[in-house]
Amino acid sequence: MNTPKNRKKSAPELTQPADKPARTDNSGTRSLLSEIEMKRLVQELEVHQVELEMQNEELRQAQEALEASRNAYAELYDFAPAGYFSFDQQGLIRSVNLTGAQLLGLEREHLQGKPMSRWIADADGRKLFSKHCAEVLRREEDDTCEIWLQKSDGIKFFARLRSIARDPVIGTHGVIRSIITDVTEQAQMKIALQNAHDELEQKITKRTRELLMTNERLVQEIAVRKDTEESLRLAFMEIKLLQDRLLAENIYLQHEAARKFNFGEIIGQSSAIAQVFDKIEQIASQNTTVLLQGETGCGKGVVARAIHARSARKDRPMVTINCTALPANLIESELFGREKGAFTGASARQMGRFELADGGTIFLDEIGEMPMELQCKLLRVIQDGEFERLGSPRTIKVDVRIIAASNRKLEEEIKKGSFREDLYYRLNVFPITIPPLRARKDDIRLLVNFFVAKFNKKIGKKIETIPKEALEALENYDWPGNVRELESVIERATIISNGPSLRILDQFNTSLKTSETSGADLKALVDLERDHILNVLQKTNWRVEGKNGAAAILDINPSTLRARMRKFGINRNAI
């Protein structure tokens, strides 16, 4: 049971007027608890009311700023220099700015909710617009198309649409937002420019045709004049013939003197090459036909020049013709000459190589490549010393010594039917077989010294020593390319060597040592160089230039390295 002392005060008691006497408990002490609580509650209400008023003021200021920003954005949107449209997935206009409405000549309220296809001028444009919207919705990336639009008054204009299906700010999906601009003037200028270009092309074509006709008339007039001059030169035919021969011989001798022999002179002391020397001495003074046989690059041309230089014909020219270097239809005219008009393009008379070599020697390199139809004519020259120029019935007599060479086994070519047997017997009167370099390895040191001296002078280097390891590596290689390959190796080594010592590619040496232990076939030197360059490029992560680039490691110029990469087909994407 609550006593008067412990009973709580009710609300009416707490809110009683201050001037009303307060109740007292049995002890006569006044209770002050209700008045303190009342003051505290009043203070809290006042503070809370102030906070609410401050929050209301902040909200009002934020609303005013938002309204100002919206108004500014609306002005920018409406008065932008391009029309802004938004379409739904069916192509209906959801919103448009003031500029866009002006492009179509209508009020905005007349456009909203209407299909955009209503203002597209043609069916092709409607298909293109539909495809454009579908593509934009599918990719969610911006895309562009150009179509003809028609205003409400019927005026057409060419429009460019740039659209996107996702708002980059709010991330809206399924809504197409487009910028439409009038590019009619640009299209018209483009058409006018194309028309002007076409007109200019027509004028150029017409003028070119006129010039060609004028040129043709001039050519005809020149031809008539040349025919007249030819009739005047007939009286000096024999004198001109001698002058032509002397001039041709002089030009050919100058050409031969200016040539750099592939192997220089014959160098060697091995027993294999000594046998060749003996045969050269035996046959040089004779007029006998000689057949040189041997692998490519073993020095058949050098031997032919040595035979000619030791013969009684040494003061007359030695004329060389490579049967593989000329097309089949030109070999006959090169060998026997031609008259003017003998075939299409024969605008002047030309002396053949047999006439140029009259009194001297003719060297027929790679005779096994000669066409069958010319082998018969060559046989006649060997037997009778006579032939006719192309287009001329007059027989020409010559005194020529023939030296032929082939890297093929002509006996096998006879069995195949590609070489005449009677011609082979005429050529094979005195055969000389030139040994490959791998059969005369005792000569490699002499050849290396000769080529180093040669390229020192040619390149301007001063290589004085050849390391023992380099010589051993060169001697242990099988040289499928023979002396010509050795010369290329020394030239390349001379180029990359910076000091007084000859430097051979490290990978070339490594490959040779590996082949000695394994007994496997050696790679060709060109493959070794390619592998070496490729290995260095991979180690440098395909960096060509710079301090740690492949060119610096290989000690060559970056442009030289790129040229060799192109030569060997080295491509990072192809590896």
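Quick notes on this structure:
- Pair list, Cβ under 7 Å, 6 or more apart: the stretch 539-554 residue closer than 22 Å to Ile504 by Cα, other residue hydroxyl-bearing (Ser, Thr, Tyr) and modelled with pLDDT of 80 or more: Asn548/Thr540; Gly549/Thr540; Ala550/Thr540; Ile553/Thr540
- Residue within the stretch 65-72 that is within 21 Å of Ile179 (Cβ to Cβ) and modelled with pLDDT of 90 or more present: no
- Qualifying residue in the stretch 76-90 (condition: more than 18 Å from Gly174 (Cβ to Cβ), among the acidic types (Asp, Glu) and part of a loop (DSSP other than H, G, I, E, B)): no
- Residues (assigned to a loop (DSSP other than H, G, I, E, B) and either under 21 Å from Gln282 (Cβ atoms) or free of Cβ contacts under 8 Å to residues at least 12 places away in the same chain (or both)) located in the stretch 420-447: Asn428, Val429, Ile434, Pro435, Arg440
- Unique residue being modelled with pLDDT under 90, farther than 19 Å from Lys240 by Cβ, among the basic types (Lys, Arg) and crowded, with 19+ Cβ neighbours inside 10 Å when the list is Arg401, Arg353: Arg353
- Hits in the stretch 107-120 - residues which are among the aliphatic types (A, V, I, L, M) and at pLDDT 90 or above: Met116, Ile120
- The stretch 365-387, subset more than 49 Å from the chain's Cα centre (by Cα) and over 22 Å from Ile283 (Cα atoms), residue modelled with the lowest pLDDT: Phe387
- Applying the condition of being out of contact with any strand residue (DSSP E or B) (no Cβ under 8 Å at 6 or more places or on another chain) and aliphatic (A, V, I, L, M) to the stretch 102-140 and asking which residue is surrounded by the most Cβ atoms within 10 Å (Cβ to Cβ) yields Leu106.
- Residue match in the stretch 498-510 (condition: surrounded by 13 or more Cβ atoms within 10 Å (Cβ to Cβ) and either modelled with pLDDT of 85 or more or not assigned by TED's automatic domain parsing to the domain that holds Asn449 (or both)): yes
- Odd one out for Ala18, checked against (1) at pLDDT below 85; (2) in the same structural domain as Ala165 (by TED's automatic domain parsing); (3) among the small types (Gly, Ala, Ser): (2)
- Within the set Glu491, Glu487, Glu469, the sole residue that is of a type in the set (D, E, K, R), closer than 17 Å to Leu528 by Cβ and either touching a His at 6+ places or on another chain (Cβ under 8 Å) or crowded, with 18+ Cβ neighbours inside 10 Å (or both) turns out to be Glu487.
- Among (1) surrounded by 10 or more Cβ atoms within 10 Å (Cβ to Cβ); (2) out of contact with any helix residue (DSSP H, G or I) (no Cβ under 6 Å at 6 or more places or on another chain) - the single one Ser231 does not satisfy: (1)
- If you go through the stretch 280-304 and keep only what is touching a helix residue (DSSP H, G or I) at 6+ places or on another chain (Cβ under 9 Å) and outside any loop (DSSP other than H, G, I, E, B), you end up with Ile280, Ile283, Val290, Leu291, Leu292, Gln293, Val302, Val303.
Okay, residues lined up against (1) among the polar types (S, T, N, Q); (2) modelled with pLDDT of 85 or more; (3) closer than 25 Å to Gly299 by Cβ; (4) out of contact with any helix residue (DSSP H, G or I) (no Cβ under 7 Å at 6 or more places or on another chain):
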site	(1), (2), (3), (4)
Pro436	no, yes, yes, no
Phe455	no, yes, yes, no
Val489	no, yes, yes, no
Thr514	yes, no, no, yes
Asp521	no, no, yes, yes
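- Taking the criterion of being surrounded by 15 or more Cβ atoms within 10 Å (Cβ to Cβ), touching a Ser or Thr at 6+ places or on another chain (Cβ under 9 Å) and modelled with pLDDT of 70 or more, the residues of the stretch 327-348 that qualify are Gly337, Arg338, Glu339.
- Beta carbons closer than 9 Å, at least 6 apart along the sequence or on distinct chains, pair a first residue in the stretch 123-140 that is touching a residue at least 40 places away in the same chain (Cβ under 8 Å) with a second that is surrounded by 12 or more Cβ atoms within 10 Å (Cβ to Cβ) and part of a helix (DSSP H, G or I) for Cys133/Met116.
- Some residue of the stretch 448-467 being in contact (Cβ under 8 Å) with a residue 24 or more places away in the chain, in a strand (DSSP E or B) and not polar (S, T, N, Q): no
- Flag for Lys206 being among the basic types (Lys, Arg), assigned to a helix (DSSP H, G or I) and within 21 Å of Gly91 (Cα to Cα): no
- Test: Glu199 is surrounded by 10 or more Cβ atoms within 10 Å (Cβ to Cβ), within 30 Å of Ile147 (Cα to Cα) and of a type in the set (Asp, Glu): yes
- Any chance Ser95 is in contact (Cβ under 8 Å) with a residue 12 or more places away in the chain, of a type outside the set (Asp, Glu) and either buried (at least 17 other Cβ atoms within 10 Å of the Cβ) or outside any strand (DSSP E or B) (or both): no
- Every listed requirement among (1) surrounded by 14 or more Cβ atoms within 10 Å (Cβ to Cβ); (2) in the same structural domain as Val303 (by TED's automatic domain parsing) is met by Tyr425 save one, (1).
The values are calculated or read from the model by the stated rules, or taken from the named source; none is laboratory data. What you see is a predicted model; the values in this text were computed from it and never measured. Reconstructed Cβ throughout: ideal geometry from the backbone, glycine too, with neighbour counts over all protein chains shown.
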